[in-house]
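Heads up: the structure comes next, in structure tokens.
The values are calculated or read from the model by the stated rules, or taken from the named source; none is laboratory data. All of these numbers come straight from a predicted model, not from anything done at the bench. Neighbour counts run over all protein chains shown; Cβ positions are idealised from the backbone, glycine included.
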Amino acid sequence: MSPNGVTDFNVMVAGQGGDGSLTVVTLVDRLMRRHGLHLYTSRNVASRIKGGHAAALLRGSDVRRGCIGDHLDLLVAFDAEALEIAGPRVGPEGIIVFDSSHGEPRTEVAIDPTVQRLDIPFGRLSVRDLRRDLFKNSFGFGVVTRLLSVPDDEAEDVLSERFNRLPPRAKAANIEALRRGFEYAEEHGIEQGQGRWRFGRAQAHGEHILASGNQGAAFGFLAAGGRFFTGYPITPATDVLDYLGPRINKLGGVVVQAEDEMSSINMALGASMAGVRAMTASSGPGIALMQETIGHLGSAEIPLVIIDAMRAGPSTGMPTKPEQSDLDMLVFGGNGDFPRIVLAPTNPYDAFEIGVIATNVAQLYQGPVFIAMDQAIAQDSVTVRRFDVDSVEVEPGKVVDAETLSGLEEYRRYAVTADGISPWATPGTKGGLSLVTGNERDEWGLVSTEPDNRVEQMDKRERKVKTVESLLPAALRGGDPDAEIGIVGIGMEVGVIIEAVERLAKSGSSYATFMPRTIWPVPDETIEFISSRRIVYVVEHNAEGQLKRVLAAAGAPPDRMHSILRYDGVPFRPADLVAALSERASVA
Amino acid sequence: MTETYTPGKPIWCAGCGHFGVQGALVRALEKVGAEPHETMVLAGIGCSGTIQNNVSAYGYHALHGRVLPAATGVALANPDLTVVAAGGDGDGYAIGMGHLVHTFKRNPSLTYIVMTNETYGLTKGQRSPAAGPDPAHNEGIDSVRLGLSIPGSSFIARGFTRQAEQLESLTVAAVEHANAGRGFAFLEVLSPCVTYKDLYPQWDAAAYDVDEDPAYDPMDRAGAFATCQRLDDEDRIPIGLIYTGNNESMEARWGPGDRRLNPGGPDDRDVLHGFLDGMAS
């Protein structure tokens, strides 16, 4: 049998969290990048430090994909639980490499009859021959590279590169383990260069990086001049703190880990008020705690970028699972009426661009800007174009300096202007003394409940959003623009929608797709898209159809919109969406 | 000269202790030479939370309990500013207590003046955290001993509005401590609410001025705690400079160092490209 070319390959490595078994996936990841494949990687872990079923998923494809594929081609299962959970997901002609050191699954696992299973006691052999269970990873990689028809010396090269920083003895032991993998494969009849699969010729895709949405947004913030970040650890937003912590100081910036979310957002507010671009990040429960301050930012007119890496709610919910169920809170949360902007990246590159836009727009309109990412967008790592940092412009906004002020007769912090945005003197600026408050106030910043002034100030604040609307990111569109059936989805749904619609088009069903990146204010283009279709399916990860609710509140015709919802903590695969849409088409 | 806001007139009742706090602050700022535009006064919620309107400086009215995080952000963002946070015991020792504990620990260079009156005056006289469960004894929260118990603390003082000269000199010492980059200057001021809880008579009788005690050593943390504890057992309240020490400030550990926080340094882009190189391999 001649090897199958690797054009779209899904691998899962699964075992117990914290035992290092996920290292194999980082090795396969390197291998695939060498061969010019696009990567989409995802982790599926329990909310605990060690133990619990943990899996890493990797999709390598010659076409850029925004999600994990329908079926696994290769499963490396380091224990029986992994086999039980993931075995049924291995597609026809796939291979399961099972670490049989600790016995068989207790229950019957339904595995496709065309799937080949290789039982190799990696763990036991590693302990016997190399004295450490940990070496099972390199051992397993040896078998995997044989299956992928990778020459042994290339596999060794990838391993050496990955373990470059290990002490020489540990590195040598890993190479020894890898060779044991080759030998074992040999014994099972898998000769060098004769595996089930084979990489095609490497394609050049230009300069790529591997990044997550959290990293993209954090980088965009830095590129747009962000220099003050505060956070309080919470899954799945902690990556932002981890990314910026060792980096921002190299740009003269500051990261503070606060004692709670209120402290976190109020420190960021303080820095911002003093004229430094600031950001904080959290997830649903933490954003809920920040709500009072978010309204205050809107009222007192203080810029801030707030990342919400959304996990499954309500309450503490399912911390490591993706959901899009904070939309209501982001759009409608808080007391009183205040301007706010909610943006939603669709991939890590987009997160970078939106990080830049959010930082600049916050500065320009002097108010809160959310970057809303579901856990999959926030944490899944994807190969994307190198972030185009050279094209980033840092918008100064309406900050006024002492020289400008000295030429003015008077300075009012909350001056009512045509565009709603008031000139802003930051503390330390001569001639700009001002009072900043969340109480209603007059143009000078002095507290006032005078009715006409109240209306003027409220209207001025609402006007600011209109002023910056044209700077907010436009939606992505795809499919057949003339189709009468539309599909709308944000964040993690985008990659799935694109792939599902591509497949449906091949079978003769056409859909127009619309994937908003600006959630709030709802842009006119969104309303127009929905209004001009007969039916629009709104695909979401929450139970109540929050995006649909937001769109309806902004004037999209509610009778045209139908929900396709999921809230089990699992992302859609393209086949799920194809099935859901086909089923609806058959009854429509 | 550019015209800016006209400082407000205090909203406080005649005889309120807060007038004394404001007077001491205004004189102290003058004395240390803090220019109005290089000074920021941040205040919390309550009667005390209006002091920023009356002092000629950049002013900010924080959310309830959040004045310390906001002031910390300002102080880190612009270390050249004289940053003064202010509030009452209701604002600082109830909803804001977590932040006070952590501000002692972090030791950012800013001054925090707490006008303690054991009362929520603005909402008409409910008991506040400094009030004890038994009105006859001082069994409320004592943030002086709290501060002494936290290893990072570097300046702890208590004034009394009855003793205006001492209050002024303590305010000067606090602002100087912060402006010298020595860390968090905590100044509690006994500032009676004459409308709902006039504690002048009790505090007149209870106040014990450690500044007048030649045996008292404000550099000795354990000794300070022991004295405070002993006085409390005797239903007395220590006032004066309670403790001053040398602990590394927050800016020294977490701050921007030599580089300013504002972007645009010529090598910013090179640094950013370096980060991308790291994500490429």
Original post:
Does segment B:188-202 include one or more residues that are free of Cβ contacts under 8 Å to residues at least 12 places away in the same chain and aliphatic (A, V, I, L, M)?
Top reply: no
Subject >> Boolean, A:I519 is surrounded by 18 or more Cβ atoms within 10 Å (Cβ to Cβ) and closer than 25 Å to A:G317 by Cβ >> reply: yes
Original post:
Does any residue in segment A:176-200 that is polar (S, T, N, Q) come within less than 6 Å, Cβ to Cβ, of a residue that is outside any helix (DSSP H, G or I) six or more places away or on a different chain, and which pairs are these?
Top reply: none
**OP:** Go through segment A:221-243 and count every residue that is farther than 19 Å from A:S283 by Cα and small (G, A, S).
**Re:** 4
Original post:
For residues in segment A:279-310 being more than 7 Å from chain B (Cβ to nearest Cβ) and β-branched (V, I, T), which is nearest to A:A402 (Cα to Cα)?
Top reply: A:I302
Original post:
What number of residues within segment A:413-444 are within 26 Å of B:H64 (Cα to Cα), in a loop (DSSP other than H, G, I, E, B) and among the hydroxyl-bearing types (S, T, Y)?
Top reply: 4
**OP:** Test A:G200 against the stated conditions and say whether it is at negative phi, of a type in the set (G, A, S), crowded, with 16+ Cβ neighbours inside 10 Å and within 36 Å of the chain's Cα centre (by Cα).
**Re:** no
**OP:** Please give the number of the condition B:L63 fails out of (1) facing chain A (nearest Cβ under 9 Å); (2) under 21 Å from B:A178 (Cα atoms).
**Re:** (2)
Subject >> Residues (in contact with an Asp or Glu (Cβ under 9 Å, 6 or more places away or on another chain) and more than 7 Å from every other protein chain (Cβ to nearest Cβ)) located in segment B:30-46 >> reply: B:K31, B:V32, B:A43, B:G44, B:I45, B:G46
**OP:** Would you confirm whether any residue within segment B:166-182 is touching a residue at least 40 places away in the same chain (Cβ under 8 Å), more than 22 Å from B:F104 (Cβ to Cβ) and touching a Cys at 6+ places or on another chain (Cβ under 7 Å)?
**Re:** no
Original post:
Under the condition of being closer than 30 Å to A:F332 by Cβ and of a type in the set (D, E), which residue from segment A:361-394 is surrounded by the fewest Cβ atoms within 10 Å (Cβ to Cβ)?
Top reply: A:D380
Subject >> Residue check, A:L446 facing another protein chain (nearest Cβ under 10 Å) and closer than 20 Å to A:G275 by Cβ >> reply: no
Original post:
Do we have A:E583 as outside any helix (DSSP H, G or I) and either free of Cβ contacts under 8 Å to residues at least 40 places away in the same chain or not assigned by TED's automatic domain parsing to the domain that holds A:R59 (or both) here?
Top reply: no
**OP:** Search segment A:109-150 for residues being acidic (D, E) and at pLDDT 90 or above, and hand back the single one that is surrounded by the most Cβ atoms within 10 Å (Cβ to Cβ).
**Re:** A:D112
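Quick grid of which residues meet (1) within 30 Å of A:N542 (Cα to Cα); (2) in contact with a Phe, Trp or Tyr (Cβ under 8 Å, 6 or more places away or on another chain):
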position: A:D374; (1), (2): yes, no
position: A:I377; (1), (2): yes, no
position: A:R385; (1), (2): no, yes
position: A:D390; (1), (2): no, no
position: A:D401; (1), (2): no, no
position: A:L405; (1), (2): no, yes
position: A:L408; (1), (2): no, no
Subject >> Residues of segment A:533-573 satisfying the condition of being within 21 Å of the chain's Cα centre (by Cα) and in a loop (DSSP other than H, G, I, E, B) >> reply: A:H541, A:N542, A:A543, A:G545, A:R566, A:Y567, A:D568, A:G569, A:V570, A:P571, A:F572, A:R573
Subject >> 3 or more residues of a type in the set (A, V, I, L, M): qualifying helices (runs of 4 or more DSSP H) within segment A:97-187 >> reply: A:136-147, A:152-162, A:168-187
Original post:
Do we have A:N266 as polar (S, T, N, Q) and out of contact with any Pro (no Cβ under 6 Å at 6 or more places or on another chain) here?
Top reply: no
Original post:
Out of segment A:386-435, which residues are at the interface with another protein chain (Cβ under 7 Å from one of its Cβ atoms) and in contact (Cβ under 8 Å) with a residue 40 or more places away in the chain?
Top reply: A:R386, A:F387, A:V389, A:V394, A:P427, A:G428
Subject >> Lone qualifier among A:I302, A:I354 - being surrounded by 24 or more Cβ atoms within 10 Å (Cβ to Cβ) and within 18 Å of A:I377 (Cβ to Cβ) >> reply: A:I354
**OP:** Could you figure out which of (1) part of a loop (DSSP other than H, G, I, E, B); (2) over 29 Å from the mean Cα position of the chain (by Cα); (3) of a type outside the set (F, W, Y) isn't true of A:K460?
**Re:** (1)
Original post:
Do you know which residues across segment A:33-54 are surrounded by 23 or more Cβ atoms within 10 Å (Cβ to Cβ) and over 19 Å from A:T346 (Cα atoms)?
Top reply: A:L37, A:A54
Original post:
within 13 Å of chain A (Cβ to nearest Cβ), over 17 Å from A:A268 (Cβ atoms) and in contact with a helix residue (DSSP H, G or I) (Cβ under 9 Å, 6 or more places away or on another chain), is that true of B:V83?
Top reply: no
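Each row is one residue, and each column tells you yes or no for (1) crowded, with 24+ Cβ neighbours inside 10 Å; (2) within 12 Å of another protein chain (Cβ to nearest Cβ).
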{"residue": "B:E3", "(1), (2)": "no, yes"}
{"residue": "B:V26", "(1), (2)": "no, no"}
{"residue": "B:S48", "(1), (2)": "yes, no"}
{"residue": "B:V55", "(1), (2)": "no, yes"}
Subject >> Extreme residue, surrounded by the fewest Cβ atoms within 10 Å (Cβ to Cβ), among residues of segment B:263-281 that are modelled with pLDDT under 90 and of a type outside the set (D, E) >> reply: B:P266
Original post:
If you take the residues in segment A:257-278 that are polar (S, T, N, Q) and at the interface with chain B (Cβ under 7 Å from one of its Cβ atoms), which one is surrounded by the most Cβ atoms within 10 Å (Cβ to Cβ)?
Top reply: A:N266
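For (1) in a helix (DSSP H, G or I); (2) at pLDDT below 95; (3) in contact with a strand residue (DSSP E or B) (Cβ under 9 Å, 6 or more places away or on another chain), each residue gets a yes or a no:
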| residue | (1), (2), (3) |
| --- | --- |
| B:L42 | no, no, yes |
| B:Y60 | no, no, yes |
| B:V74 | yes, no, yes |
| B:P79 | no, yes, no |
| B:A85 | no, no, yes |
| B:V101 | yes, no, no |
Original post:
Which one of A:E187, A:E207, A:E161, A:E183 is within 30 Å of A:A344 (Cα to Cα), charged (D, E, K, R) and surrounded by fewer than 19 Cβ atoms within 10 Å (Cβ to Cβ)?
Top reply: A:E207
**OP:** Count, please, the residues in segment B:37-47 that happen to be in contact with a Ser or Thr (Cβ under 8 Å, 6 or more places away or on another chain) and not hydrophobic (A, V, I, L, M, F, W, C).
**Re:** 3
Original post:
With respect to A:G438, is the statement that it is more than 10 Å from chain B (Cβ to nearest Cβ), surrounded by 17 or more Cβ atoms within 10 Å (Cβ to Cβ) and either under 38 Å from the mean Cα position of the chain (by Cα) or closer than 18 Å to A:R461 by Cβ (or both) true?
Top reply: no
